[in-house]
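The values are calculated or read from the model by the stated rules, or taken from the named source; none is laboratory data. This structure is a prediction, so every number in the text was calculated from the model and none was measured. We place every Cβ from the backbone using ideal geometry, glycine too, and count neighbours over all the protein chains shown.
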Amino acid sequence: MTLQRRQPFNRTLCIGMMLMAVTNVVKFVLERHSSMAEGPRDGIFGVLFGLAIGCMLLGIWRMRHAGTTSDKQRCV
């Protein structure tokens with residue numbers, strides 16, 4: 001077992017997860033309880049899911065690069 005340093009709190013990843021939850025709630029509400037046309041509804045879902053996935057990927061990327069920069073500074 002290797003002991004690794006704990007990763008710092010990643011706000012971008014947390015925002016992405018919250019956006020994903022909000023998007024799923026909005027999707028449920030608009031599909032079940034709205035008379036909105038399918039085209040605009042799909043556009044709204046696409047934008048919200050895109051933002052959520054983009055934030056989560058950016059958060060993961062930042063976590064990965066935060067760990068490598070600190071290791072390089074420690075070795076020098």
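Scanning region 1-41 for residues that are surrounded by 13 or more Cβ atoms within 10 Å (Cβ to Cβ) and either part of a loop (DSSP other than H, G, I, E, B) or of a type in the set (A, V, I, L, M) (or both) turns up ASN10, LEU13, ILE15, MET17, LEU19, MET20, VAL22, VAL26, LEU30.
Given the criteria of a type outside the set (Ser, Thr, Tyr), within 23 Å of the chain's Cα centre (by Cα), modelled with pLDDT under 90 and surrounded by 13 or more Cβ atoms within 10 Å (Cβ to Cβ), does MET63 qualify? Against the criterion (of a type outside the set (Ser, Thr, Tyr), within 23 Å of the chain's Cα centre (by Cα), modelled with pLDDT under 90 and surrounded by 13 or more Cβ atoms within 10 Å (Cβ to Cβ)), MET63 qualifies.
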